[in-house]
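Chemist: Please find one structure pasted underneath; my questions will follow.
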Number of protein chains: 2
Amino acid sequence: MNEALKRRGLKGKDLARLVGISETQLSMFRAGKVKGVRFSTLARICAVLECPLSDVVTYEFSPSDLESPAPTDEED
Amino acid sequence: MNEALKRRGLKGKDLARLVGISETQLSMFRAGKVKGVRFSTLARICAVLECPLSDVVTYEFSPSDLESPAPTDEED
DNA sequence: CGAATAATTTAAGCGCAACATGAATTTCTC
DNA sequence: GAGAAATTCATGTTGCGCTTAAATTATTCG
């Protein structure tokens, strides 16, 4: 989402204000230090940045995502 | 994410178990009745379904996403 | 350099909603 | 119509998204 920010010529501070969340929260979100997010927040970020969700949240498969909670009951 | 489910040949019940959340919660998530989600949950869903995030969460711009919280201070 | 500005981090606290469980109800399949 | 699957309701817990405030750490720039 850094690209989108630059493209829009906004500072993090601006984004926070336009999205309606605190700088603190935005900073933590950007740094991956929050465990979840409200869809409304995601929506506002995308809307303000005029960018797709994939610019804001990404996922890469990691084997550890299958570890703990699931009784690995399934075959391939 | 319905496609991914079918592709994997899983029932919602199975997904819930493999992901490690309740059927209730999964059902509400799928129906868009929750306001947010934990990244760990998203990750597990994607991992189990072997699908990208975009199969699980999507966003489409809506003008209303810019309405309330942001002091529309910004010019074009 | 050293101010100003931006960004990150810490701390403390509030309030909601993500999550669970259990049961009822509805919907889909045969 | 039986049975499975899915959704919904009710109730409860607790984690954490979020805030404010302040301190700390980059950046930028004359």
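The values are calculated or read from the model by the stated rules, or taken from the named source; none is laboratory data. Since we're looking at a predicted model, the values are computed, not measured. In this analysis, Cβ positions are derived from the backbone assuming ideal geometry, glycine residues included, and neighbour counts consider all displayed protein chains.
Chemist: Out of A:E3, A:E67, A:E74, A:E23, report the one residue that is out of contact with any strand residue (DSSP E or B) (no Cβ under 6 Å at 6 or more places or on another chain) and modelled with pLDDT of 95 or more.
Modeler: On the way: A:E3 fails: modelled with pLDDT of 95 or more; A:E67 fails: modelled with pLDDT of 95 or more; A:E74 fails: modelled with pLDDT of 95 or more.
Residue meeting the stated conditions: A:E23.
Chemist: So which residues in the range A:12-35 are among the β-branched types (V, I, T) and facing chain B (nearest Cβ under 10 Å)?
Modeler: Listed by number, the residues that qualify are A:V19, A:I21, A:V34.
Chemist: Restricting to the range B:33-71, name every residue that is over 13 Å from B:M1 (Cβ atoms), within 12 Å of DNA strand C (Cβ to nearest atom) and in a helix (DSSP H, G or I).
Modeler: Passing the criteria: B:F39, B:S40, B:A43.
Chemist: Select from the range A:34-45 the residues that are crowded, with 19+ Cβ neighbours inside 10 Å, more than 6 Å from DNA strand D (Cβ to nearest atom) and not basic (K, R) and list them in ascending order.
Modeler: A:L42, A:A43, A:I45, listed by residue number.
Chemist: Working only within the range A:1-32, note down all residues that are under 17 Å from B:L66 (Cα atoms), out of contact with any Ser or Thr (no Cβ under 8 Å at 6 or more places or on another chain) and not in a helix (DSSP H, G or I).
Modeler: A:L10, A:S22
Chemist: Just one of A:A16, A:A31 is loosely packed, with under 13 Cβ neighbours inside 10 Å and small (G, A, S); which is it?
Modeler: Matching residue, one of A:A16, A:A31: A:A31.
Chemist: I need the full set of residues from the range A:36-61 which are closer than 20 Å to A:G12 by Cβ and more than 8 Å from chain B (Cβ to nearest Cβ), in order please.
Modeler: Passing the criteria: A:I45, A:L49, A:C51, A:D55, A:V56.
Chemist: Within the set of pairs 6+ apart or on separate chains, which have a first residue in the range B:2-14 that is in contact (Cβ under 8 Å) with a residue 12 or more places away in the chain, a second that is assigned to a loop (DSSP other than H, G, I, E, B) and away from DNA strand C (no atom under 11 Å from the Cβ), and C-beta atoms under 7 Å apart?
Modeler: B:A4/B:C51; B:R8/B:E50
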